[in-house]
Amino acid sequence: MNKKIQDAINDQIQAEFQSAYIYLAMSAHFAERNLNGFAHWLQLQWQEEIEHAMKFYHFILRRGGSVELKTIDKPEIELTNPLQIFEAVLQHEQYITSRINDLYALAVEEKDYAFQTLLHWFIDEQVEEEENATDIIEKLKLIGDSGQALFLLDRELGERAPEAESNE
Ligand code: MG
């Protein structure tokens, strides 16, 4: 397979696993504070990021390429209050969106149509990721210092169900 594309996808596999690791650290932080709904939501987020990494992983293998797993860093995030944590989630997803956009630009440049098709899924997914984080941020802003409202949001986030598995 095209070496430039293979290298870029291997970097993206690392970025997706890195995202998973960041969300798992956030999930642990909330679980330690008995905000188990937030912890649950972020643990599902962790699982989704692993699935994202694996979509790219299988794509390389199906194209006859070579997977190169890279180092995952210790999550460097400031675990302060829920609002700041979800602002960090949004910022991180915006960073991932810019990476996906760069991959798409490369796929167009290299005339790799199969890769463009794979990336269409990710482009839609990133709209959803940013929308979800923004939605929680807006709620946290309304909640302010109300412990009772935070408790209710925690309960709501605890009801998040895993997304239906795609057939890849
Ligand atoms: Mg992702």
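First obtain the Kirkwood hydrodynamic radius of region 34-168 from its Cα pairs, then insert it into the Stokes-Einstein equation at 4 °C and 1.567 mPa s, and state the resulting D in µm² per second as a whole number.
Numbers: Rh = 16.9 Å.
Translational D for this selection: 77 µm²/s.
Counting helices only, and only those DSSP H runs with n ≥ 4, report the 222 nm mean residue ellipticity of the chain as the sum of -39,500 (n - 2.57) divided by its residues, in deg cm²/dmol to the nearest 500.
-27000 deg cm²/dmol
On C-alpha positions alone, give me the angle between the axis of helix 82-109 and the longest principal axis of the chain, in degrees, nearest 10.
10 degrees
Enumerate the calculated ³J(HN,Hα) couplings along region 61-78 in order (Karplus 6.51 cos²θ - 1.76 cosθ + 1.60, θ = phi - 60°), each rounded to whole Hz, writing x wherever the residue is Gly or Pro.
5, 5, 8, x, x, 10, 7, 10, 7, 10, 5, 9, 7, 4, x, 9, 9, 8
Taking a 1.4 Å probe, which of 142, 35 shows the most accessible area, and what order do the others take after it?
Most to least solvent-accessible, the answer reads 142, 35.
Distance from the Cα centre of region 82-136 to that of region 1-63, in angstrom?
Result: 12 Å between the Cα centres.
What are the ³J(HN,Hα) couplings of region 28-44, residue after residue, when phi is run through the Karplus curve with 6.51, -1.76, 1.60 and θ = phi - 60°? Round to Hz, x for glycine and proline.
4, 4, 5, 4, 5, 9, 6, 9, 6, x, 4, 4, 4, 4, 6, 5, 5
For region 83-137, what is the relative contact order in percent, using Cα pairs closer than 8 Å and at least 6 residues apart in sequence?
55 percent
With a 1.4 Å probe and every protein chain left in place, work out the accessible area per residue of the chain in Å², rounded to a whole number.
56 Å²
The values are calculated or read from the model by the stated rules, or taken from the named source; none is laboratory data. Quick caveat, the model's predicted, so the values are computed rather than measured. We work out accessible area using only protein heavy atoms, side chains counted, and drop any ligands, DNA or RNA first. Shrake-Rupley method; radii C 1.70, N 1.55, O 1.52, S 1.80 Å.
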